[in-house]
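Visitor: Structure below; questions to follow.
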Amino acid sequence: MAKMWKPPGLHQRSYQILRYLQNKWPAPYPVQIRWVKDLVDDEDPEDRHYHAECYRDGLKIIIKLSKRRVRTYAEMSETVIHEYAHARDIKLKRLEDKLDRFAHGPEWGLYFAEMYSDFNDDLGWEVSRTY
Ligand SMILES: [Zn+2]
């Protein structure tokens, strides 16, 4: 019997998408995805749970994804694109900062729109499967 094709798991697919994005639109530093159990804002009295966060740690950029909040392929791809837009937006002048958080400015918006339309209107979703 022929082996059945199995779709890659959610985590594996997020690494494929990251490799595709890094190849097409390199960020100023190498980017890593880390899946974590949960992401909570400790200072928020309502204990807000985040989907993801992105920050630079030395010479690399870390994207953390929450297993609790990111559960479908659609949520995952949109979240990875959102966070990767932060990664592209990280400025070299911040090299001296050890850890940084990033906002949603105009450059971030352009990067997000470019990658979002690549995934939704062009072939990004398909092509990234080969990465
Ligand atoms: Zn954001």
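Visitor: Give me the pairs, please: first residue somewhere in segment 72-92 and touching a residue at least 40 places away in the same chain (Cβ under 8 Å) and of a type in the set (A, V, I, L, M), second residue anywhere and near the ligand (Cβ under 10 Å from one of its atoms) and part of a helix (DSSP H, G or I), beta-carbon distance under 6 Å, and either six or more positions apart or on two chains.
Guide: The qualifying pairs do not exist here.
Visitor: Which residue is surrounded by the most Cβ atoms within 10 Å (Cβ to Cβ), if the candidates are limited to segment 115-131 and must be in contact with a helix residue (DSSP H, G or I) (Cβ under 9 Å, 6 or more places away or on another chain) and of a type in the set (S, T, N, Q)? Steps first, please.
Guide: Within segment 115-131, the subset in contact with a helix residue (DSSP H, G or I) (Cβ under 9 Å, 6 or more places away or on another chain) is 115-119, 124-125, 127-131.
Adding the requirement that they be of a type in the set (S, T, N, Q) leaves 117, 128, 130.
On the way: SER117: 11, SER128: 21, THR130: 8.
Top of the filtered list is SER128.
Visitor: Given the criterion over 28 Å from VAL127 (Cβ atoms) and either over 13 Å from the mean Cα position of the chain (by Cα) or touching a residue at least 12 places away in the same chain (Cβ under 8 Å) (or both), identify the matching residue among LEU10, LEU39. If you could, list the steps in order and put the result at the bottom.
Guide: Values: LEU10 fails: over 28 Å from VAL127 (Cβ atoms).
The match here is LEU39.
Visitor: Scanning for something part of a helix (DSSP H, G or I), buried (at least 18 other Cβ atoms within 10 Å of the Cβ) and either modelled with pLDDT under 95 or not small (Gly, Ala, Ser) (or both), does segment 31-39 turn up at least one residue? Talk me through it step by step, then tell me what you get.
Guide: The first filter runs over segment 31-39 and keeps only residues part of a helix (DSSP H, G or I), leaving none.
For segment 31-39, residues part of a helix (DSSP H, G or I), buried (at least 18 other Cβ atoms within 10 Å of the Cβ) and either modelled with pLDDT under 95 or not small (Gly, Ala, Ser) (or both): absent.
Visitor: Residue under question is ARG48, and the condition is that it be closer than 23 Å to PHE119 by Cα, loosely packed, with under 15 Cβ neighbours inside 10 Å and within 15 Å of the ligand (Cβ to nearest atom); does it hold? Outline the logic, then answer.
Guide: Working: closer than 23 Å to PHE119 by Cα: no; loosely packed, with under 15 Cβ neighbours inside 10 Å: yes; within 15 Å of the ligand (Cβ to nearest atom): yes.
When the stated conditions are applied, ARG48 does not pass them.
Visitor: Shifting gears a bit: Sort out which residues of segment 10-29 are modelled with pLDDT of 95 or more, in contact with a strand residue (DSSP E or B) (Cβ under 7 Å, 6 or more places away or on another chain) and not aliphatic (A, V, I, L, M), and write them in order of number.
Guide: Listed by number, the residues that qualify are HIS11, SER14, TYR15, GLN22.
Visitor: Say we look at segment 42-69 and pick out the residues that are within 25 Å of GLU107 (Cα to Cα) and assigned to a loop (DSSP other than H, G, I, E, B); which of these is nearest to the chain's Cα centre (by Cα)?
Guide: HIS51
Visitor: Show the residue pairs meeting these rules: Cβ distance below 9 Å; 6+ apart or different chains; first residue within segment 98-122 and on the phi > 0 side of the Ramachandran plot and within 16 Å of the ligand (Cβ to nearest atom); second residue of a type in the set (Lys, Arg) and at pLDDT below 95.
Guide: The qualifying pairs do not exist here.
The values are calculated or read from the model by the stated rules, or taken from the named source; none is laboratory data. From a predicted model like this one, the values you see are computed outputs, not experimental measurements. Positions of Cβ are backbone-derived with ideal geometry, glycine not excepted, and every protein chain shown enters the neighbour counts.
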